[in-house]
Amino acid sequence: MKRIGLMGLIGLMSLMGLIGCSNEKSPEEQAMDAAKEAATECYNNLLAGKYEQFLDARVGADSMPADYRTQLIASYKQYIALQKEHDGIASFEVSNVQIDSVSQLIEVFLLLHYGDNSQEEIVVPMVEHNGKWRMK
């Protein structure tokens, strides 16, 4: 077996460093991942009947009047009840994520799978607010 000289070892380590760096995500990719995770958590809360948590994930939810909050929560409950026409939402998955640089938001596309085997794709606009990703 041939010995690797000092220069060969330095070259090998540099190559390994470059390979390792190529796995790092760009700031845009990191933002898209964070927005995707936040949207997934929001819709998990909605499907679990955690309407307050779903509402709290919206930008400006903390400054909404109580009456408006009550109306929004009632509309979320009504939305879930309407999905019974399709035997409810059985599951969902993220189908795509895109950055909208004009609106300065990230669009998370969710594919909803209904109990009757139908599907629907919805778009959840997400914005970063005080270091957290929230629904617009």
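Here, each number is a calculation from the coordinates, and none is a lab measurement. Worth saying up front: this structure is predicted, and the values here are computed from it rather than measured. Heads up, the Cβs are rebuilt from the backbone with ideal geometry, glycines too, and the neighbour counts pull from every protein chain shown.
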Margin query: 7 Å from Cα along Cα→Cβ at both Y79 and S63: what's the point-to-point distance in nm?
Written below: 2.2 nm
Checklist line | segment 27-41-segment 61-136 distance, computed between alpha-carbon centres (Å) | finding: 14 Å
Check: Straight-line reach from K84: which lysines have a Cα under 20 Å away, not including same-chain ones fewer than 8 places off?
Finding: K50
Next item on the list: Using only the Cα atoms of segment 41-122, build the gyration tensor, take square roots of its eigenvalues as a ≥ b ≥ c, and label the shape rounded, prolate or oblate: rounded if a/c is under 1.5, else prolate if a/b is larger than b/c, else oblate.
Entry: oblate
Next item on the list: Check cross-link reach from K25 to the aspartates and glutamates: straight Cα distance under 12 Å, and skip same-chain residues fewer than eight apart.
Entry: D33
